[in-house]
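> Let me begin by handing over the structure; questions about it come next.
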Amino acid sequence: MKPVIYITRKIPDDILQPYQDSFDFRMWDKEETPVPRDVLLSEAASADGVLCLLTEAIDKEFLAAAKHLKIVANMAVGYDNIDVEAAREHGVVVTNTPDVLTETTADLAFALLMATARRIVEANDYIRDDKWEYWSPYLLAGSDIHGKKIGIVGMGRIGEAVARRAKGFDMSILYHNRSRKVKAEQELGAVYCEFTELMKEADFVVSLIPLTEETKEMFNEQAFQNMKSSAVFINVSRGATVDEQALHDALTANTIRAAGLDVFNQEPISAEHPLMKLDNVVCLPHIGSASVATRTKMLELCLDNLKEVLNGAQAMTPVN
Ligand code: DGY
């Protein structure tokens, strides 16, 4: 009997094709809707491996139901949806998808920074709403990007890729991270800063920090108070690193100028969310790594990890 792999969302058949001989694939058959919890738990019971998304909570209840499970391959670099410690106790390997999404996510972070700084979405809506009558000196004038100071919070692979883009824009680079990044300091001139100092100095604060107990609501009222009133906040990591009420207050009180957000505390957010009502916020539906090529590489990396582990080899990108 072939090992059973359960995939929690419909993915294209041609991606599965090269693995069909080795595994018995079962799959939730909807592309846009997450698998209901009861279906996930009952499928987990017979699975040797699971390919899941960040929409699934892989917690103690799931692990208790998944009696034969050897590996959970998460299609994301972040894995805060998984209780990694409980997985370890159950002898389940957890893998993520680092590297393959680094440059694509950095592209998006920089696109969001530029769109927010130069008010691209507002400007687009201005024409669509038929408001454009005359050219005028300060019509939709935003902030410069070139020559400004970027402050990167979370200088992992994606942080460094954002820093490389910032260097191309002649920006000076500050960063805050658990450990010093000597290579980025030498090659990009990045300067290490304490968090508070970075928040005070940067014209653009870019959050790329993973969500952990320590980073939960790290961007709180005090952090926003520390920012310049002309500064822009960009979040491409996890929504829960931000106190969204404090961010909303900072944006409405002009404590900071604008925000670009790819991630939210509760996803999906609705159009009725208070942040969506603000002109100085650009919101995206968590599309950091969403290029067709990168999403395909992420799926392939998940499948390769499943294949290795279910064949008794080491995972390629384990997190535990
Ligand atoms: C990740 O990989 O963690 C992203 O947030 C999903 O693309």
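> Using a Cα-Cα cut-off of under 24 Å, which lysines could be cross-linked to LYS148, ignoring same-chain neighbours fewer than 8 residues away?
Filter leaves LYS167, LYS181, LYS183, LYS200, LYS228.
> Now for a separate question. For the Cα atoms of the chain, what angle does the longest principal axis make with the long axis of helix 102-117, in degrees from 0 to 90, nearest 10?
The two axes meet at around 30 degrees.
> Please list, in chain and number order, the residues 5+ apart from VAL319 or on another chain whose amide H is under 5 Å from its amide H, with Hs placed from the backbone.
So VAL319 has HN proximity to VAL94, THR95, ASN96.
> Determine one quarter of the surface area of the Cα convex hull of the chain, which equals its mean projected area, and express it in nm² to one decimal.
Average of the hull's projected areas for the chain equals 18.2 nm².
> Now a separate question. What list of ³J(HN,Hα) values in whole Hz, one per residue of segment 266-281 in order, does the Karplus curve 6.51 cos²θ - 1.76 cosθ + 1.60 (θ = phi - 60°) give from phi, with Gly and Pro shown as x?
Coupling constants for segment 266-281: 10, 10, x, 8, 9, 5, 8, 4, x, 5, 6, 8, 9, 5, 8, 10 Hz.
> Kindly report the accessible area of segment 25-132 per residue (heavy atoms of protein chains, probe 1.4 Å, no ligands, DNA or RNA), in Å².
Value for segment 25-132: 49 Å² per residue.
> Kindly report the accessible area of segment 151-262 per residue (heavy atoms of protein chains, probe 1.4 Å, no ligands, DNA or RNA), in Å².
Each residue of segment 151-262 exposes 43 Å² on average to a 1.4 Å probe.
> Just the number, please: carbon plus sulfur as a percent of the accessible area of segment 103-199, 1.4 Å probe, no ligands or DNA/RNA counted.
The C+S portion of the solvent-accessible surface of segment 103-199 is 50 percent.
> Quick one: if the Förster radius is 30 Å, what FRET efficiency do LEU278 and TYR134 give, using the C-beta to C-beta distance and rounding to 0.05?
Numbers: r = 26 Å, r/R0 = 0.85.
So the FRET efficiency works out to roughly 0.70.
> Under a cut-off of 17 Å between alpha-carbon atoms, report the lysines in cross-link reach of LYS67, not counting same-chain residues fewer than 8 places apart.
LYS2
> Quick one: length gained pulling VAL191 to ILE287 fully straight, 0.36 nm per residue minus the C-alpha distance?
Roughly 31.7 nm would be gained on extension.
> I've got another one for you. Normalised by the residues of segment 102-283, what does the relative contact order come to in percent, with Cα pairs under 8 Å and at least six apart? Present the calculation step by step, with values, prior to reporting the outcome.
Numbers: 327 pairs, mean separation 37.0, N = 182.
Over segment 102-283, the number comes to 20 percent.
> Same structure, new question: Tell me, what HN-Hα J-couplings in whole Hz come from the Karplus equation 6.51 cos²θ - 1.76 cosθ + 1.60 at θ = phi - 60° for each residue of segment 190-196, using x for Gly and Pro?
5, 10, 6, 9, 5, 4, 4
> Further question on the same structure: In debye, nearest 20: dipole of segment 199-303 around its Cα centre with unit charges on the Cβ of K, R (+) and D, E (-)?
300 debye
> I need the phi-derived Karplus couplings for segment 284-294: 6.51 cos²θ - 1.76 cosθ + 1.60, θ = phi - 60°, integer Hz, Gly and Pro marked x.
Rounded to whole hertz, the list is 10, x, 6, 10, x, 9, 8, 10, 4, 4, 6.
> List the lysines whose alpha-carbon lies under 22 Å from that of LYS131, not counting same-chain residues fewer than 8 positions away?
Counting by Cα, and skipping residues close in sequence, LYS131 has these lysines nearby: LYS277.
> So, one more: Please report the relative contact order for the chain, taking Cα pairs under 8 Å with a sequence separation of at least 6, and give it as a percent rounded to a whole number.
Taking the mean separation of contacting Cα pairs over the length of the chain, I get 18 percent.
> Taking every DSSP beta bridge with both residues inside the chain, roughly what % is antiparallel (nearest 5)?
Antiparallel bridges: around 5 percent, rounded to the nearest 5.
> Measure nothing but the geometry: give the 0 to 90° angle between the long axis through the Cα atoms of 157-168 and the longest principal axis through the Cα atoms of the chain, rounded to 10°.
Roughly 30 degrees between the two axes.
> Now for a separate question. For the chain, what does -39500 (n - 2.57) per DSSP helix run (n ≥ 4), summed and divided by total residues, give at 222 nm, in deg cm²/dmol to the nearest 500?
When only DSSP H runs of four or more count, the value is -9500 deg cm²/dmol.
The values are calculated or read from the model by the stated rules, or taken from the named source; none is laboratory data. Treat the numbers as computed from the prediction; the structure is a model and nothing was measured. Here Cβ is always computed from backbone atoms with ideal geometry, including for glycine, and neighbour counts include all displayed protein chains. Areas reflect the complete protein model, heavy atoms only, side chains present, ligands, DNA and RNA absent. Shrake-Rupley method; radii C 1.70, N 1.55, O 1.52, S 1.80 Å.
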